[in-house]
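Report on the structure given below.
Each value in this text was obtained by applying a stated rule to the coordinates, not by laboratory testing. These numbers come from a predicted model, not from an experiment. Cβ placement follows ideal geometry from the backbone for every residue including glycine, while neighbour counts extend to all protein chains displayed.
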Amino acid sequence: MAATSDQIAQIIAREIAARPAQVNAAVGLLDEGATVPFIARYRKEATGGL
């Protein structure tokens, strides 16, 4: 059985004590080509401070 992206986001969120919406936002930014340092510095509001 393959996990859906929502299930994966829930698992990651649980592992790092975050909300699934925060994980989905971070994944979306990464999919758009943003780097981790860019997200950490300039997109904190988009990920809820993740």
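Packing-wise, with mean Cβ within 10 Å as the measure, how do 19-31, 38-50 rank, highest first? Walk me through the numbers on the way to the answer.
On the way: 19-31: 16.2, 38-50: 13.1.
Packing proxy ranking, top to bottom: 19-31, 38-50.
Tell me the label-point distance for the pair Gln7, Ala40, using the 7 Å Cα-to-Cβ offset, in nm and rounded to one decimal.
Spacing of the two 7 Å Cα→Cβ label points: 3.2 nm.
Rounded to whole Hz and in sequence order, give me ³J(HN,Hα) for segment 38-50 from the Karplus expression 6.51 cos²θ - 1.76 cosθ + 1.60, θ = phi - 60°, writing x for Gly and Pro.
5, 4, 4, 8, 10, 10, 4, 5, 6, 9, x, x, 5
For the chain, what is the convex hull volume of its Cα atoms per residue in Å³?
Taking only Cα atoms, the chain has a hull volume of 72 Å³ per residue.
If Lys and Arg each add +1 and Asp and Glu each add -1, what is the summed charge of the other residues whose beta carbon sits under 14 Å from the beta carbon of Asp6?
Details: positive: Arg14, Arg19; negative: none.
Counting the neighbours of Asp6, the net charge comes to +2.
Whole-Hz ³J(HN,Hα) for each residue in segment 26-37, computed from phi via Karplus 6.51 cos²θ - 1.76 cosθ + 1.60 with θ = phi - 60°, x for glycine and proline: what do you get?
Once rounded to whole Hz, the list reads 5, 5, x, 5, 5, 4, 7, x, 6, 8, 4, x.
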